Amino acid sequence: MAERTTFRLRVRFGKLGRLRHLSHLEVMRALERSIRRADLPYAVTQGFSPHMKAAFGPALPVGTAGLREYYDLWLRELVPAPEALARLAAATPPGMAPGAARYVPEKAPSLSAALTIARYEVGVGPAVGPEMLVRAVEDVLAESELTVKAKGKTKVFDLASVLPEEPRVESSGSGSTVVLTTRMGATGSLRPEALVGRALECAGLPHAITTVTRTDLLMETEGGFMRP
Amino acid sequence: MRDDMWARVEPLLDGVERPARYLDSEWGVRVRPDASYRVALVYPDTYELGMANQAVAILYDILNEVDGVAAERCFVPWKDMAAAMRAADVPLHTLETLQPLRDCALVGVTLPHELTYTNVLEMLDLAGIPLRSVDRGEDDPLVIAGGPCAFNPEPIASFLDAVLVGEGEEAVLELVEADRAVIEAGGTRADRLRALSGVPGVYVPTLYVSADGSAQPGCGAVVPADAATPRMVTKRALKDLGSVRPPTCPVVPYMDVVHDRAVVEVLRGCTRGCRFCQAGMVYRPVRERGADDIVHDVMATLRCTGHDEVSLVSLSTTDHSQIEEVLRRLSRSLEGRAVSVSLPSLRVDSFGVEMARLVAGGGKKAGLTFAPEAGTQRLRDVINKNITEEDLLGTIEHAFGAGWRRVKLYFMLGLPSETDDDIRGIGRLVHKVLDVARENTPKDQRGGLKIGVSVATFVPKPHTPFQWEPQLTLPEVRRRQEILREAMPRRGVDLSWHDPDVSFLEGALARGGRELSDVIEKAWRSGCVFDAWTEEFSLPRWLAAFESAGIDPVALASSERDPADALPWDHISSGVSKRYLLRERERAVAGVTTRDCSFDGCTGCDACGDLGLDIVLGGASRG
Ligand code: SF4
């Protein structure tokens, strides 16, 4: 069979509420099912075990929520984007509801390659006061490297390169929030709770992290950061 | 209330494996906060196993259609979550509205096999419900069980308030209606139980006593304690599957559950008459759904769930009289969608392979599975497995010729009358299968050729012609395994065993009586839970529990029973008469086979007459 023309639809979605406890694999499978329920004319890969042609942005770990996550879906027929969005919305659990859909050029770089910048908010409970938190974060940032041990592996991050923007602490009603931007590199990506956790640990403060939310995923261009 | 409870549960999730087990909020959940009568549907194992259970899905669908009734799911939390819940004093609750089980009107438990018994106790304990029926008070829910184990409920009867025997679609509605009427009238718990025992197919253990207190374990009749209670509880069965609407919008899990796919039932029952098979005896007669209904439900279920695979399930799907038509229609409708159809089991003939070819299309060929069960014709005649060596070898030739490269064969060790030569016969048969497979495989592909051989220990089950037979003792199993190992081809075979320790326990629990409640409780108290999980199972702990209860599990599993003695499940009827079972037993001894009554005329098991049923083929009664 000759390759047929396909249309590449980029969908923005969330991973919210209880669903933050899902794994990346679980999220992908659930979204593929919602696409089938929406009865969109999805393209199918060629080969021995054909499957839906879709590609997802960088994975979110179990426990981390996401406000602006993305996937690309290839369609066999052009369905007007607003209609595709409405059909997806009607077929997706509220915690993963799609927020926007638009067509992107077939040649656009893949989401996983393009989205190298992530913004996070790490919630810290009232057990740690905002001033203490500010100082703790500053102390960690004073070092040039951060060593993270996870699952038996040790990774060393060069803070200047993984943190393209200065993290800041905001105080909210019931505690405070560390707002930070990370750059995903070839050596992997720094988990924001690892940085905040280390800050709390070094300052002898309780591990009071309550929530981790990825608020944005961005592409890095010469002119700065851009949404996909 | 719901939010309060979630606020207590959510912090526990950060520290446990696979939190997706505890989230709810899947596509297709039914949340009915205003219902006045709440039913918890429990599967006594983890979420990923329970979500594959069709009975739970069916009852969930049916009960949530009833005004004022809510049915919600509950599974047994894994050990890490159970410990966290105990430490935080969070009671076991349903997923949908986080209702503590002890505040539900009814807790309905499916009992798929004996190895879930300790999980039932774990569930009750986590819920704060007294373990034994006699210790429960007016405010406790009624705990009702159903499923395959209901056909001998005695071992676990002390922990249950009632047992529903047979198919639940109609009975569960009658049962809930009867209970609501009693509650409305201000009745007591005793009134509720009495009302349940009036529903056909419902057994209320506290209304029955053992006829002979001194009876041997595993022997002795159970009789009603008073004249108002039925002497015999007869299974429920639907006359025609076309009369109930199967669930086409079931809950779609996030987690990678066992059998993660859409399921459509194509027929119920199986009348091939294998003498070791409990399902084949107790779910008689065969009732097929019509091809139109099946095709419609497949398409509706796929649309509603978004699954990419649908399984056509039953005890013997390729025996459906219209299966070829169904598969052809489905492959046309599903063209180009990357959605696949699967068949759980295949019959051993070319037709079976052709059906597998139809569902595989041009795509991936998953392995094929066949169950000759025994290695010699003599023994296959004893067990009434009506396939010959030629059938099997012809099927293998066909399958490898059609491009399959993997097959798996199922056998049983310790079938009644088995000799060492029968065991070597398995080896001889596998040799021949391997030869035929090689001959029908292109030379360059022969290197990686493997035949899977899976061997289980035969466990005699209640309500079968072999219910009086002894099970092999463990040392004897080991001796026979050695013989089999030596008889197997050295190369090209992957031999695997179903753990004989587990089969031994299954055997001891399957044919016991009410005296086993003490053993089960002691086992659970000593830490037995999730016994169906290989790494959790501990035979020594179970043996200690038997010993401290003063019951010999070897005698229970491995001594032959006298057909003249009463059995602990004699008061439960599957419709198949004891007379028929005895006759089948005699025919087994004589090596005489019995035909399939769905196609070759009634063989007199009495299920149809006693239950007012008939064989239904292609959705229409044979008449
Ligand atoms: S009564 Fe006859 S036809 Fe009905 S299931 Fe039994 S053997 Fe088959």
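Quick notes on this structure:
- Gyration tensor verdict on the range A:107-228 (Cα atoms; rounded if a/c is under 1.5, prolate if a/b is larger than b/c, oblate otherwise): prolate
- Protein-only accessible surface order, largest first, of A:His207, A:His51 at 1.4 Å: A:His207, A:His51
- Karplus-derived 3J(HN,Hα), 6.51/-1.76/1.60, for each residue of the range B:456-468, Hz, glycine and proline x: 10, 7, 5, 10, x, 10, x, 6, 10, x, 9, 5, 9
- The range B:1-139: C-alpha gyration tensor shape, a/c 1.5 cut-off, then a/b vs b/c: rounded
- Restriction of the trypsin sites (Lys or Arg not before Pro) in the range B:221-296 to DSSP coil positions whose beta-carbon has at most 16 other beta-carbons within 10 angstrom yields B:Arg231, B:Lys239.
- On the range A:26-126, 61 percent of the accessible area sits on carbon and sulfur atoms, based on a 1.4 Å probe.
- Total formal charge among the other residues, if their Cβ is under 11 angstrom from that of B:Ala549, Lys/Arg +1 and Asp/Glu -1: -4
- Among beta bridges identified by DSSP and lying wholly in chain B, the antiparallel ones come to about 20 percent.
- Loop GluC sites (Glu not before Pro), the range B:34-96 (other Cβ atoms within 10 Å of the site Cβ: 13 or fewer; DSSP): B:Glu65
- B:Met488 accessible area, 1.4 Å probe, all protein chains in place, Å² to nearest 10: 10
- Looking at the range B:2-210, the DSSP beta bridges with both ends there are about 15 percent antiparallel.
- Extent of the range B:469-579 along its three principal axes (Cα atoms, max minus min coordinate, largest first): 50, 41, 24 Å.
- Cα Rg, Dmax (largest Cα-Cα span) when computed across the range A:7-113, Å: 13.1, 38
- Angle in degrees between helix B:350-360 and the longest Cα principal axis of chain B, rounded to the nearest 10: 60
- Note on the range B:2-210: with neighbouring protein chains present and a 1.4 Å probe, carbon and sulfur make up 51 percent of its accessible heavy-atom surface.
- Positive-end residue of A:His207, B:Ala374, B:Trp6, charge dipole of the protein assembly as shown with Cβ unit charges: B:Ala374
- Unpartnered cysteines - no second Cys beta carbon under 4.7 Å - across chain B: B:Cys74, B:Cys104, B:Cys149, B:Cys219, B:Cys270, B:Cys528, B:Cys597, B:Cys602, B:Cys605, B:Cys608
- Area accessible to solvent at B:Ser321, 1.4 Å probe radius, in Å²: 70
- Pairs of Lys in chain B closer than 17 Å at Cα, counting only those 8 or more apart or on different chains: 10
- Furthest towards positive pole of dipole, B:Gln322, A:Ala194, B:Ser577, structure part the protein assembly as shown, Cβ charges: B:Gln322
- Based on Cα contacts under 8 Å between residues 6+ apart, chain B shows a relative contact order of 15 percent.
- Nearest-20 debye value, the range B:186-282 charge dipole, Cβ charges on Lys, Arg, Asp, Glu: 280
- Heavy-atom surface of the range B:3-122, accessible at 1.4 Å and reported per residue (Å²): 31
- A straight Cα-to-Cα reach below 19 Å connects A:Lys15 with none of the lysines, residues fewer than 8 places away in its own chain not being considered.
- Size of the B/A contact, given as accessible area buried on both chains, probe 1.4 Å, in Å²: 2300
- If both residues of a DSSP beta bridge must be in the protein assembly as shown, then about 55% of such bridges are antiparallel.
- For B:Ala523, the shell of other residues with beta-carbons less than 13 Å away shows a net charge of -4, using +1 for Lys and Arg and -1 for Asp and Glu.
- Value in Å of the Kirkwood radius, where chain B supplies the Cα pairs that are averaged: 25.6
- For the range A:4-20, residues shielded by at least 10 square angstrom of accessible area compared with the chain on its own, probe 1.4 Å: A:Arg18, A:Leu19, A:Arg20
- Shape metrics for the protein assembly as shown, restricted to C-alpha atoms - Rg then Dmax, Å: 29.7, 91
- Per-residue [θ]222 nm for the protein assembly as shown (sum of -39500 (n - 2.57) over DSSP H runs n ≥ 4, rounded to 500): -10000 deg cm²/dmol
- Nearest-20 debye value, the range B:2-210 charge dipole, Cβ charges on Lys, Arg, Asp, Glu: 360
- Positive contributions from Lys and Arg (+1) and negative ones from Asp and Glu (-1), summed over other residues with Cβ under 10 Å from the Cβ of A:Val44, come out at +3.
The values are calculated or read from the model by the stated rules, or taken from the named source; none is laboratory data. Predicted model, so just to flag it, every value in this text is computed and none were measured. All Cβ positions, glycine included, derive from the backbone under ideal geometry; neighbour counts span all protein chains shown. The protein model used for the area step is the full one, side chains on, heavy atoms only, and it has no ligands, DNA or RNA in it. Shrake-Rupley method; radii C 1.70, N 1.55, O 1.52, S 1.80 Å.
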